[in-house]
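Taken together, the values in this text are just the output of simple stated rules run on the coordinates, not laboratory data. Not measured: the values here are computed from a predicted model. Neighbour counts run over all protein chains shown; Cβ positions are idealised from the backbone, glycine included.
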Amino acid sequence: MKHSLLRAVCGVVTWLGAAGFCAGGDWPQWRGPERDGHAAPGPVPATLSAEPKMVWRREIGGGFSSPVVAQGQLVYLDAQAGKEVVHLADAATGRQIWAVPLADVYQDEWGPGPRSTPMLDGDRIYVQSCNGEFRCLNRADGATRWSLNFERDFGVKFLGSKANEGTASRRGNNGSGVVAGDRVFLPVGAVNGATLVCCDKLTGKEIWRAGTDEAGYSSPVVATLAGVRQVVYFDADALLGLDFATGRGLWRVPLKTNAKRHAMTPVIRGDTVTVNSHTFGMICFQITNSNGGQTATPVWTNRELKINLATPVLVDHYLFSHGEINARNLVCVDALTGKTLWKQPGLGETVSATIAVGNRLLVQSDRGELLLVAADPGQYQELGRAQVCGTTWSHPAYADGKLFVREGTLSGWKLTCFDLLDPKP
């Protein structure tokens, strides 16, 4: 009860401080209102019908970017006629309001289209293409307010999926930037001093750039650790913290994995940061102040949990996530000790998305199954299961009881809205 009340109060404070970033039930960015996989406070589905009520479904183009929702409008990116395209639609009906091209389409053996998730912030939409075109658009009509390009402005060469190493050279620019205060932070990945770039969110004017690491597939988060506000980023070579105001390096932990496939988003709990990988498992670091900077000290390591692409969701001090690579498990981990508390087989193969809705979890597997599960560290409790779509590698959006699901392979792509609070199929 205390945890739920605290989350509700924090949600109100964050909303007021964001000056219209999102309304109470919105999902305006990667992993939701607070970028932590938690839905905004609101009604919680009691059960999940085997056939949830479909509100609407529409055919879309290729891509693995996730949809976002704010104030009754939905934004998604896809591939259309050789271009990556930005769409604004009515969230209640799926009806398109406008569409504007963003950049030439990127495609590899997994399919065409964008993979970075847009951000809705007041009257602006921030979008990023696979080849590194980043734009701030008017929400009203899609007109460009300002733009930059990772290759042109920062020297990140886009070479296609067969080049060795390099971020964009393998699978495109996948990480999603983050808006905080009057700034936007971008995972550029230029090794000449622009791993992360901070810009004024209204004008695009560069405020600082920092780092010499390549970008991975992860997305940065903003957090206050040991009293210092900072940007935490899991890049292709390390986990690090940069000062919010200046970009000064505060701490850095080298972490190497095969193919530089760091994909999960750092999970913050107090002054700790937890990350996972298919190579080293799951690791938690404590951030402390030291000699004018900060130090990251390992707290625990769970080498068994070699999670490939999924990001755990923290509820109280428990982490819920897709388990080991190819194990098809849902797991619960004590975030204080790293101990695995339970495993439940029967999930998808390598990718899943977990959303905390009050004291329940919505878990979407890569094979299109949706599970409603109690966020119970003591035991696995499944409260419902439904087949909501076909193969999907995209994180869904959840807003005001509606789940927005993207699915698709080379054979076809769809976007569907389900009402999880209406028991009628």
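Assorted remarks:
- The Rg/Rh ratio for segment 45-193, using Cα coordinates for both the radius of gyration and the Kirkwood hydrodynamic radius, is 1.00.
- Label sites at residue 202 and residue 182, each approximated as a point 7 angstrom past Cα along Cα to Cβ, lie 0.7 nm apart.
- The loop-placed GluC sites (Glu not before Pro) in segment 53-116, going by DSSP, that have at most 13 neighbouring Cβ atoms within 10 Å of their Cβ come out as 109.
- Two-site label geometry, residue 367 and residue 59: point separation in nm, points 7 Å out along Cα→Cβ: 2.8
- For the chain, averaging the sequence separation of C-alpha pairs within contact (under 8 Å, six or more residues apart) and dividing by the residue count gives a relative contact order of 15 percent.
- Contact order relative to length of segment 214-282, as percent, for alpha carbon pairs under 8 angstrom and 6 or more apart: 29
- Close amide H contacts of residue 73 (hydrogens built in the peptide plane, cut-off under 5 Å, sequence separation of 5 or more or a different chain): 91.
- Cα gyration tensor category, rounded, prolate or oblate, for segment 90-151 with a/c compared to 1.5: oblate
- In order through segment 331-340: 3J(HN,Hα) via Karplus (6.51 cos²θ - 1.76 cosθ + 1.60), integer Hz, x for Gly, Pro: 10, 10, 10, 6, 6, 7, 10, x, 6, 6
- In this structure, the pairs whose alpha-carbon distance is over 24 Å, taken from 157/205; 260/306; 53/83; 83/402; 157/260; 83/414, are 53/83; 83/402.
- Overall, the anisotropy analysis places segment 321-392 in the oblate class: the square-rooted eigenvalues a ≥ b ≥ c of its C-alpha gyration tensor yield a/c not less than 1.5, with a/b not exceeding b/c.
- For the chain, calculated [θ]222 nm from helices alone, where every DSSP H run of n ≥ 4 adds -39500 (n - 2.57): -1500 deg cm²/dmol
- In range of the label at residue 96: residues from segment 42-70 whose backbone nitrogen is under 19 Å from the point 7 Å along Cα→Cβ: 56-69
- Look at the Cα gyration tensor of the chain: its axes a ≥ b ≥ c give a/c under 1.5, and that counts as rounded.
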